[in-house]
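Each remark here refers to the structure printed beneath this line.
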Amino acid sequence: MPAYKYQTKDGKTKWYANFYYTDWLGEKKHKCKRGFDTKGSAKEYERLFLDKYSKSPTILFSSLAGNYMEDMDSRLKPTTLKGKRYIVETKLLPYFGKMQICDIDADLVRRWQNSLIDYRNEKGEPYAETYLHSINSQLSAVFNYAVKYYKLGTNPCYIAGSIGKSRAEEMNFWTKEEFEHTMQFEQKPSYIVAFKLLFYSGMREGELLALTPEDFPRDTAIVDVNKNYAVVDGIEYFLTPKTKRSIRKITIPDSIHAEVLEFIDSMCLEPEERIFYFKKGGLYSEFKRMIKRSGDKEIRVHDLRHSHVAMLVNMGFAIEEISRRLGHDSIKTTWDTYSHLYPGTDRELAQRIEVVIKKEQEASSVAENEDDGIVVDMVPGSPLGQISQHALTTAEQQGNEHIRKNNKNIFIKYGIDIESEMVYGYKLETYLDLIAFGDAIIQTISSFKPSATLKDLIMAMYSDAISSCELSQGSLKNLDQFMVDTTIPKYSKLYGIGGK
């Protein structure tokens, strides 16, 4: 990696880098860069440049992260990309930037995690558990990219485990009475209409700020949610909503509909103009000022969405109806977020599970009496009793191959030799039926502590992961990462399995 000296016209000594590289199309290219003050800086430029095109685990983390962000630039929305870039630049690069990725092991990751856990700001406050989880997930995503494209043997985050929590434990919201009381302290018409829409429709802030007059038909009390407004680095964007199901029509009270139309008319807006001229920052600031004037309980603007759900739950609406109204991509997302608002449902869930268990036990009993049937005995107390072997569907074959090939090393790290002890071909859909009603079912499965067999354990873990990743039976995208970040550590502790 030589560097070359030359003289400028004014007699100064400079250095230049001159080298060849192979681009991503496999074509050999020449590169020459002049103007360096030192030989070392010229050589460093060449090294960093070649790093960008390297497909080796000797690449610096800073170069890997740069390539990863460049790849994500074409795949993510500007808002998502901005958040990802901030974490990479402020939380990952300062610690790992100058290291070769092959030298970053689980121990280093654990030390980095501990520094985040121990962090306190000037007020003595730590990072939120959800933020810790998000930071760790970004590091894991970069290493997954390295495993796939840079021949890195394994993701060190898998062994180090996760930190933080994917969801906040507490949820703040207002009752209808609390909302109406606080609204008495807001005088600006635009914010009055905005806050009422958020509370009575449950839409997201970005969806609200993207609304135009044409989204409110005159003859029907609905709002057509079809876009999302965001500002990134001073540039305004009208983006597609968060999920496909976020494109929806929300019914609103007639009085709120009339109030919106009256406000639109007073502003003399064109059909495609934004109704609310402010940005998120203005919305948040005015909301805080209103609460301060009222002296009421503090919540965030986003908590108006939670308040809407709490109101609907209290009115007796079903979770399916609420999920559609919120624009969630699945009912499970709604249940995972708001199940605690449904008092008394645990008993109902347990009863529904019992029905599934009895049906499975009856099916197993029939299979046991058939001459050509093969019955696999489970340990007494297992939630499923006995499971019959059967012809595998394509989805089950795919799942079994995934377990056998992709997760062998992961399970070995946790003391499980799946080659000798894993039993394939048992009914995945039975477990999926059990977990379909929410996280409470996982607690039922895991309550059979040391008596569950290894196949019970592994299938329960996969059911847990599949449920939490919101995967269809044959879809295994992102399952590995969730298994190692969350499910394996959880069940390892539960069953007393040792691990590194």
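The values are calculated or read from the model by the stated rules, or taken from the named source; none is laboratory data. Worth saying up front: this structure is predicted, and the values here are computed from it rather than measured. Here Cβ is always computed from backbone atoms with ideal geometry, including for glycine, and neighbour counts include all displayed protein chains.
When residues in region 73-109 are screened for being over 21 Å from L132 (Cα atoms) and touching a helix residue (DSSP H, G or I) at 6+ places or on another chain (Cβ under 6 Å), 2 of them pass. Among the residues of this structure, L64 counts as one that is in contact with a Phe, Trp or Tyr (Cβ under 8 Å, 6 or more places away or on another chain), under 30 Å from K242 (Cβ atoms) and modelled with pLDDT of 85 or more. Looking at region 98-117, which of its residues are of a type in the set (S, T, N, Q) and assigned to a helix (DSSP H, G or I)? Once the filter is applied, which keeps residues that are of a type in the set (S, T, N, Q) and assigned to a helix (DSSP H, G or I), region 98-117 yields Q113, N114, S115. Screening E178 with (1) in a loop (DSSP other than H, G, I, E, B); (2) surrounded by 14 or more Cβ atoms within 10 Å (Cβ to Cβ); (3) charged (D, E, K, R) gives one miss only, at (1).
Within the option set A160, A221, A194, A168, being under 26 Å from A128 (Cα atoms) and at pLDDT 90 or above holds for one residue only, A160. Within region 51-100, if we keep just the residues that are among the polar types (S, T, N, Q) and over 17 Å from L139 (Cα atoms), the residue that is nearest to the chain's Cα centre (by Cα) turns out to be T79. Scanning region 118-170 for residues that are part of a loop (DSSP other than H, G, I, E, B) and in contact with a Ser or Thr (Cβ under 8 Å, 6 or more places away or on another chain) yields Y150, K151, N155, S162, G164, K165, S166, R167, A168. Which pairs do you get when a residue that is under 13 Å from L92 (Cβ atoms), found in region 135-159, comes within reach of a residue that is aromatic (F, W, Y) and part of a helix (DSSP H, G or I), reach meaning Cβ atoms under 6 angstrom, with the pair 6+ apart or on two chains? Pairs found: V142/Y68; Y145/Y68; C157/F143.
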